[in-house]
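Taken together, the values in this text are just the output of simple stated rules run on the coordinates, not laboratory data. Everything numeric here is computed off the predicted structure, so don't read it as measured data. So basically every Cβ, Gly included, is an ideal-geometry build from the backbone, and we count neighbours across all protein chains shown.
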Amino acid sequence: MSADKLSVVRILVAACGGEGHLGPLLPFVSAARDRGDDVIMVVPPALEETARFTGSRYQTTHSPDPAAVEQVRRAMASADRAVRVHAAEVELFGRLFTAAALPVMEQTATRCRPDLILREPCDYASAIVAHRQAVPIATVGISPGLADISGLHMASEVLESLEPGFAALTSAAPYLTRFPMDEPTGFTDTRRYGFGARSRADLAESPPLVWLTFGTVNATFEHTARTWDAALEALGGLDVQVIASVGRGRPLLRAPANVRVVEWVEMSDVLSRASVVVCHGGSGTTLAALAAGIPTVVVPMLADQPTNAAMVEQLGAGITVAPAGRSVSGEDLAPGEDLASGEDLASGESVELRGLTEADVPRLEAAVRKVLNDDSYRIAARRVADRYAASPTVAEALDSLR
């Protein structure tokens, strides 16, 4: 059926957590609005500005108790991997965020009567409401599928008593993934899609442009606070120009003369001009760089970041500079429940959460220099971009749910 013959659909878009959780949903919000669908977003207060920026209607949820969140965050910085994963998947997303979001989510769905709930994997309030109100649901992945479904299984240990059957409904519903190496996902109905912000040779800059970003979460941990200092020192010694995006509302950093520090950058613009991306390995940034055909230097610190770093290396599209010399190899991509943590998958050992220090500066500088000078990384990244270009678009993926 052609798009102009499709009826208007009421879509409730739900996210919790930070920008990295909402980010994968935003192209679907844009595609739905372009199509003329009725979109309403339900997000936590921290994401209100981004929701407003889309031009869609939105509701904000309640905020979890700050003292409870701080207790969980301390556990997320533990040297014990199992403690970190349980704190994030069960306590933060399963308990605190779900309790804060559920009343508003239920009220909004009751009022708006959506035809579809489109959620990110950690927003369990939307999955519970979909089950209660018999609304079709689809999940847009933020990590490799095995990580996303493992988080669902862990959270269901505390949420199934609240709404029996919601986890089975969610795991059987359509699951949309952007990951080029995501088989199996663990979800019954996996649908792949592509997205693009291809680099343009006519926009390439001289000296080369490097985009530096470490996301919105890493910088909040004391253990990783020196990463920005180390990265700026490494890039300050190279013949490059740098755009360093630190996140909305965060203090701007003192930087070398070749670095421009900003709160926020339009991703499609910077990727169209960049020669290298230096990032934390967050899924949104990493996959966007691959889709644009830009080689990447990854500094993984927590969650699924080491897994994404290993994926980039296995694709030949970049180099990992793990803090304190920790290595991440393609072998770490072996499927298994540990994929939920994204940490030390091959060994299963617990490793302290760490960021870069001054001792890591030479390794990071050497990695960026190598990726700039060795064409094999850009060739590999462009191969991945070609795969994205051949995949269904966001609009086509959305139409498949209608």
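Key figures
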quantity	calculated
Whole-angstrom Cα spans of the stretch 53-123 along principal axes, big to small	44, 24, 22
Derived scalar couplings ³J(HN,Hα) [the stretch 150-160; Karplus, 6.51 cos²θ - 1.76 cosθ + 1.60; whole Hz; x for Gly, Pro]	5, x, 4, 4, 5, 5, 5, 4, 9, 9, 4
Hz values of 3J(HN,Hα) by residue in the stretch 185-195 - Karplus curve (6.51, -1.76, 1.60), Gly and Pro given as x	9, x, 8, 5, 10, 8, 10, 9, 9, x, 7
Three-way shape label, the stretch 3-192, alpha-carbon gyration tensor, a/c 1.5	prolate
The stretch 122-197 and the stretch 238-316: distance between their alpha carbon centers, rounded to Å	27 Å
Long-range amide H partners of Leu356 with built H, under 5 Å	Thr227
Amide H contacts under 5 Å for Met41, placed H, 5+ residues apart	Val13, Arg57, Tyr58, Gln59
Mean projected area in nm² (Cα convex hull; one quarter of hull surface) for the stretch 89-202	8.5 nm²
Protection-proxy order for peptides 232-244, 162-174, 63-75, each taking the mean of Cβ atoms within 10 Å per residue, highest first	232-244, 162-174, 63-75
Karplus 3J(HN,Hα) series, Hz, for the stretch 163-168 with 6.51 cos²θ - 1.76 cosθ + 1.60 (x for Gly, Pro)	8, x, x, 5, 5, 5
Interchain or long-range residues, amide H under 5 Å from Ile137's placed H	Ile117
